Structures are given as structure tokens and as C-alpha cells.
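Engineer: If you scroll down you'll find the structure; I have some questions about it.
The values are calculated or read from the model by the stated rules, or taken from the named source; none is laboratory data. Everything quoted here is computed from the prediction, not taken from an experiment. Backbone-built Cβ (ideal geometry, glycine too); neighbour counts: all protein chains shown. Remember, those area values only see protein heavy atoms, side chains included, never the ligands or the DNA or RNA. Shrake-Rupley method; radii C 1.70, N 1.55, O 1.52, S 1.80 Å.
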Amino acid sequence: MASRACLAAAVAASSRGGVSAFGTSSIGRSGMMARSLSTISSNNNRFSSYPTTSTSYAINKSELSNRISSVAPPSRSFQLNMSTVAAGATTARRVKTAEAEVSEEQVSIKGWVRTVRKQKTLAFVEVNDGSNMSGIQCVLPFDTVDEDTMKEIDNLTTGCSVHAIGQIIKSQGGKQAVELSASSLRIVGECPGDTFPLAKKRHSLEYLRTIAHLRPRTNTIAAVARVRSTLAGSIHKFFQGEGFNYVQTPLITASDCEGAGEMFRVTTLDIDDVASLPRAKDEEGKELAGVDYAEDFFGKAAFLTVSGQLGGETHACALGDVYTFGPTFRAENSQTTRHLAEFWMVEPEMAFADLTSAMDNAEAMLKACVGDVIEKCEEDLEFFGKFFDKGLKARLDKVVSKPFVRCEYRDAIKYLQEEIAKDPSKWQFPDVEFGTDLATEHERWLAETKFDSAVFVYNYPKSIKAFYMRDNDEDGGETVNAMDLLVPGVGELVGGSQREERMDVLVEKMKELDLDVEDYWWYLDLRRFGSVPHAGYGLGFERLVTYVCGIENIRDAIAFPRYPGNAEF
């Protein structure tokens with residue numbers, strides 16, 4: 001199909017020897033993890049004789065140092081780290097800057113330098129380890145630090161990684177509650193200030209996308225990553241708490257869940273040698289225009305999935321309630337701020353359930369996840385509220401505390417027609433009628449202006465929804481039992497439906513959309529053998545991240561965005 005993108009899959013294997021790496025060992029109190037140096041060789045594992053467990057390495061420190069030295073000459077930073085700082089690691093417990101509290105205990109801080117300020121008698125080094133926004137200020141009095149630390153201070157630059165040991169004390173300044181009164185500091189990895197692309201200034205998000213491998217070191221992207229992590233954990237916690245089973249559905253599929261055809265093709269055929277491609281043939285053996293995918297790896301045309309829903313339904317019809325949470329792909333040639341070619345979806349499926357059950361579950365899930373972020377990411381939300389969306393905190397509080405509105409599609413169209421009639425010139429898409437697929441401006445007006453709330457719009461026209469959605473009996477199948485959840489600032493966040501459990505009706509709908517019934521034989525078996533009413537929905541995870549963070553572009557809600565013309569990193 002000419003409109004579909006073609007993705008050639010290739011696997012390469014390589015072997016390297018003598019690889020040096022950082023490892024971890026369990027050192028200190030209460031099982032707290034402190035990093036140490038180790039060396040791994042893929043050809044000759046020099047440490048294979050050491051007895052290990054899942055929690056500790058029983059290695060003699062001096063022997064380890066000798067063995068490391070025999071493998072490769074360490075750099076100056078490694079020598080300093082091993083001889084002095086690592087030696088103190090057995091008594092200095094590592095703490096994350098987000099958890100730093102006043103204590104008389106000697107602790108270890110490891111992270112990356114944000115700023116360095118030197119005065120006559122002391123130096124201030126701001127270190128961030130990624131656990132929070134502010135990091136921690138390390139104070140280095142020149143009259144108490146060791147000689148090696150004094151030498152290291154002169155080499156400190158923004159971006160270099162350091163390991164500091166000292167005592168957490170109440171801060172003498174007003175910008176932070178605590179600080180590290182450091183007794184020693186060592187540079188772990190140098191960072192040339194003249195070539196480091198993240199100078200101490202504000203960078204545009206567009207520029208940061210060109211250095212996506214380094215942008216997590218900025219305040220904005222680090223905060224997004226922490227919120228994203230919290231949301232992911234909250235999603236699992238919610239569904240597990242509700243008794244749902246987590247199902248991993250395949251990424252490679254022969255089924256087009258949405259029936260839209262915007263899928264990435266997966267093939268091992270040599271597409272660089274067009275002449276060698278096997279040609280499809282008719283019953284008489286005459287060559288056709290297409291490729292014979294029976295000769296391909298899977299024996300048929302295969303694609304990257306656009307949804308895990310169909311696979312999720314199979315398990316819901318056995319386990320009751322399930323959810324999937326994984327990457328999905330769509331070859332849609334879109335350069336908008338709302339679309340990605342690779343994105344994550346959360347897709348619960350519930351047996352013996354209807355559309356109301358799906359809406360109830362989606363509302364409860366969103367309230368739980370947003371509530372967790374409000375509780376755990378206060379500093380990050382304050383940052384987003386200051387620089388991106390001043391009304392963010394109030395909007396998120398409203399999501400948690402206010403019931404979601406529920407509005408039928410026909411009523412939503414009526415409200416939009418009345419509003420647009422006042423001044424059609426204000427609208428990019430002023431023509432709205434029954435059968436219109438709502439645009440973002442329509443969705444946002446309903447959520448932000450009409451209702452000032454998250455709102456479920458339900459009972460959509462059959463003509464604009466997917467084949468698996470259940471026809472409504474009340475209007476003769478003109479609408480389907482489907483819903484979209486619209487939220488202020490984003491528009492559509494969730495889409496769901498009651499699934500069509502009647503086999504005869506489902507087969508007819510598939511034929512209308514020119515879907516090959518034989519490709520979905522297993523999906524139809526769910527209706528053939530013990531069919532039950534069931535419902536579910538899909539949540540675009542990156543859209544949720546943009547909504548909770550108050551950022552506009554979905555490309556900043558994922559580590560390495562994939563979109564037309566871009567597959568870097």
C-alpha cells in the first residue's frame with residue numbers, strides 16, 4: 001500500500017572486550033546502595049570468582065583496586081575517586097538530594113555540577129543528582145577541606161560529575177533548607193566548559209530536542225521525566241489496586257485495530273533490491289502489482305501495532321479485568337504538537353461491563369493519578385506553574401475534586417452550533433453538524449468554556465468511530481456506544497467504548513470497512529465462544545503527561561520523540 005510507511009527490520013550483533021563500567025554494591029546502613037567501581041570484561045570476567053548475592057559484593061577493597069589497575073590504567077579522576085573518595089564510601093552513606101536532612105552523619109552526594117561560585121575563603125558548588133529540581137548546595141571551606149579537594153575546585157565546570165562527602169546542615173542562606181558542608185570532593189567525569197552545549201542559560205525547547213541525549217539535565221525535561229515516572233507508577237498502582245491483571249500484548253501484528261491503515265510495515269525483505277522482491281500472483285500465476293508477503297518473515301504482511309486493545313480483549317474474556325501499558329505506533333504524517341509516531345497507551349478492558357463502567361473507571365483512574373502527582377511532585381508542579389501554565393495547580397486540583405461532566409454528542413453539537421453562530425470568524429472549523437469529527441478547538445471549548453471541567457462526550461455517530469464499537473439499539477445503530485474524555489488545555493485525553501459482542505453485527509461492520517474477516521478469526525472467536533458484554537478505553541500517556549505538566553508540545557513529554565522526518569538518538 002503506497003500510503004503506508006515501510007519499516008525494514010534488521011538485527012546486528014557485535015562483540016566487544018575489555019569494557020569498563022560503573023557497578024553498584026550494597027554498602028552502608030539499612031541496605032542503602034552506594035556506587036563503587038567495577039570492571040567488566042565480556043571476554044574474560046575477572047571478577048567471576050567473587051561470591052555475590054543480590055544485595056552485596058564480598059570483595060576485598062585493596063584486592064579490587066589492584067585488579068582494576070591491572071585491567072586498564074585509570075584516568076586521573078578515577079584514581080582520585082578510588083584512592084580517597086571511594087575509601088570513604090564504606091562509612092559515608094549515599095543520600096539523594098531530594099531526601100537530604102540535617103544529620104551529624106557523614107554522607108555521600110553524587111551528581112552533576114550546575115554552578116560553581118568561588119570566594120576568598122570558600123566555594124559553593126550546586127550539585128543536582130536528578131532526584132529533585134533544586135539539588136543541593138555543597139559548601140567547601142578552604143581551611144577544612146583536604147589538599148586534593150582544593151586542586152579539584154579549580155577544575156570544576158558546569159556539567160562535570162562529582163562525588164562529595166560531608167555533613168548535611170541547616171543552610172545559612174535563604175534559598176534552601178539544607179546544604180552539604182563538604183569535607184572532600186572529587187571530579188568523577190570532566191566536562192569541557194567551552195564545548196558543553198548546556199551553558200547556564202535558558203534554552204528553547206526546540207533547541208533541546210536537537211540534543212535529546214543531554215536535555216534530561218535541564219530543569220524542564222528532568223521535571224517532565226519525574227512527573228512521567230510518577231504517573232506511570234500511579235497507573236500500575238491504580239489498576240493493580242482495582243484487581244486488574246497487567247497484560248503485555250504484541251508490538252508486531254497483522255491486524256489493523258483502528259481500520260485506518262496508518263501503520264508501519266515490518267519486513268525482512270530486501271527493499272533496497274526492488275527487483276528481488278517476490279511479486280504477488282493471481283490464481284492463474286500472473287504477476288500483480290503488489291509484493292507477495294507470504295515470502296516474508298511472518299508469512300504475511302506485518303506491522304507495528306497501533307493499539308493493544310484487541311489482544312487485551314482476549315484476556316478480559318478470561319481474566320475479567322485487564323490492562324495493557326506499552327508503546328504503540330502510527331504512520332500518520334502529522335507535524336502537530338499533539339501527535340507522535342511512537343507513543344505509549346494505557347488500555348484497560350473490562351468484562352461484563354458497559355460504557356458507564358468504562359467512564360466510571362477512567363474518571364477514578366485519572367483522579368488517582370493526578371492526585372499522586374500533586375502529592376509527590378510539588379516542586380516540579382510549582383516550576384511548571386511558574387514558567388508554563390500559571391493556572392496549572394488550580395486546574396489539577398479541580399480534576400481531583402470535581403465530578404466529570406457527561407454530555408451526549410448530539411447535545412455537544414447543539415452547544416457548539418449556538419456558540420459558533422455568534423461569530424463564525426473566530427473558528428477555524430465553523431461547520432459543525434451531526435457526523436462532524438470534533439476538532440481540537442471544539443473539544444477545548446467544551447472543556448474549558450462551556451463546562452470548565454473534564455467532560456465525557458458519548459454516543460458518537462457510527463460513521464466516525466472504529467468497527468469494534470457497539471451499535472446503539474436506541475437509534476437503530478446511527479450512533480455507537482463510545483465516549484471521549486475531553487480536558488481543559490489538551491482536548492481529547494481518553495477514548496473508549498463498549499465493544500460489539502454480537503458476532504453477526506461485528507462481521508457486517510468489518511465487511512463495510514473492507515477488513516478481511518479471516519485476519520480477525522481469533523477476535524471473532526471471542527464472540528463465538530462465550531461472548532460477554534465488555535468495555536474499555538485507551539489513554540494516550542504522553543497526552544496525559546503534557547496535561548499534568550502544562551506543556552504544549554507532546555514531543556517534550558517523551559524521552560526521544562519520533563515524528564515525520566525525525567528518528568534521531
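Engineer: Dividing the Cα radius of gyration by the Kirkwood radius, what Rg/Rh value follows for region 304-389?
Structural biologist: Details: Rg = 16.6 Å, Rh = 15.6 Å.
Rounded to two decimals, Rg/Rh equals 1.07.
Engineer: What is the percent of Cα-Cα separations in region 343-480 that go past 20 Å?
Structural biologist: More than 20 Å apart: 59 percent of the Cα pairs in region 343-480.
Engineer: Let me ask another. Translational D (Stokes-Einstein, µm²/s) of region 475-532 at 20 °C and 1.002 mPa s when Rh comes from the Kirkwood sum over C-alpha pairs?
Structural biologist: 159
Engineer: Further question: Quick one: 3J(HN,Hα) in Hz for region 481-498, Karplus 6.51/-1.76/1.60 with θ = phi - 60°, rounded, Gly and Pro as x.
Structural biologist: 7, 10, 8, 10, 9, 9, 10, x, x, 10, x, 5, 10, 9, x, x, 6, 7
Engineer: Per-residue accessible area for C191 at 1.4 Å probe radius, Å² rounded to 10?
Structural biologist: 20
Engineer: At a Förster radius of 56 Å, what calculated FRET efficiency corresponds to the Cβ-Cβ distance of E99 and E295, to the nearest 0.05?
Structural biologist: Numbers: r = 58 Å, r/R0 = 1.03.
For R0 = 56 Å, the calculated efficiency reads 0.45.
Engineer: Still on this structure: In nm², what is the average projected area of the convex hull enclosing the Cα atoms of region 150-198?
Structural biologist: Over every viewing direction, the Cα hull of region 150-198 projects on average to 4.3 nm².
Engineer: Give me the accessible area of K281, 1.4 Å probe, in Å² rounded to the nearest 10.
Structural biologist: Accessible area, nearest 10 Å²: 130 Å².
Engineer: Here's another thing I want to ask about it. Just subtract the alpha-carbon distance of K390 and E418 from 0.36 nm times their residue separation and send over the number in nm, one decimal.
Structural biologist: Fully extending the segment from K390 to E418 adds 7.1 nm.
Engineer: Quick check: residue separation of Y246 and R502 times 0.36 nm, minus the Cα distance between them. What number comes out in nm? Write down the numbers at each step before the final one.
Structural biologist: Values: separation 256, 0.36 × 256 = 92.16 nm, distance 2.62 nm.
The Y246-R502 span can extend by a further 89.5 nm.
Engineer: Leaving out ligands, DNA and RNA, what percent of the accessible area of region 160-263 is carbon and sulfur, probe 1.4 Å?
Structural biologist: Percent of accessible area from carbon and sulfur atoms in region 160-263: 52.
Engineer: How much area per residue is accessible in region 274-368 when the probe is 1.4 Å and only protein heavy atoms are counted (Å²)?
Structural biologist: Accessible area per residue: 46 Å².
Engineer: Counting only protein chains, not ligands or nucleic acids, how are H315, H213, H534, H236 ordered by accessible area (probe 1.4 Å), most first? Display every interim value, and only then the final one.
Structural biologist: Values: H315 80, H213 105, H534 5, H236 60 Å².
Reading off the accessible areas and sorting them downward yields H213, H315, H236, H534.
Engineer: Past 24 Å, Cα to Cα: identify those pairs from K422/K465; K118/K200; K426/K450; K175/K376, in the order given.
Structural biologist: Working: K422/K465 29 Å; K118/K200 16 Å; K426/K450 16 Å; K175/K376 21 Å.
Beyond 24 Å between Cα atoms: K422/K465.
Engineer: Using only the heavy atoms of the protein chains and a 1.4 Å probe, how would E500, E342, E382 rank by accessible area, largest first?
Structural biologist: On the way: E500 0, E342 60, E382 115 Å².
So the residues, ranked largest to smallest area, are E382, E342, E500.
Engineer: Would you mind checking which residues have amide H under 5 Å from A331's amide H? H placed 1.01 Å from N; only 5 or more apart, or other chain.
Structural biologist: Amide H to amide H, under 5 Å and 5 or more residues apart or across chains, A331 pairs with M263, F264.
Engineer: Y415 accessible area, nearest 10 Å², 1.4 Å probe?
Structural biologist: 60
Engineer: Per residue, what accessible area does region 440-535 have, given a 1.4 Å probe and all protein chains present, in Å²?
Structural biologist: Values: 3800 Å² over 96 residues.
Accessible surface, normalised per residue, equals 40 Å².
Engineer: What order do K390, K96 take when sorted by accessible area (1.4 Å probe), most exposed first? Let's see the in-between values first.
Structural biologist: Details: K390 175, K96 80 Å².
Correct descending sequence by accessible area is K390, K96.
Engineer: Further question on the same structure: How many nm is it between the label spots at D282 and K120, if each spot is 7 Å from the Cα in line with the beta carbon?
Structural biologist: 9.6
Engineer: About the Cα centre, and with charges only on the beta carbon of Lys, Arg (+1) and Asp, Glu (-1), how big is the dipole of region 340-493? Nearest 20 debye, please.
Structural biologist: Working: 18 positive and 33 negative charges, 92 e Å.
Computed about the Cα centre, the dipole is about 440 debye.
Engineer: Working out 0.36 nm times the residue gap between S401 and D360, then minus their Cα-Cα distance, what length gain in nm do you get to one decimal? Spell out each step's value before the answer.
Structural biologist: Working: separation 41, 0.36 × 41 = 14.76 nm, distance 1.47 nm.
Computed gain between S401 and D360 is 13.3 nm.
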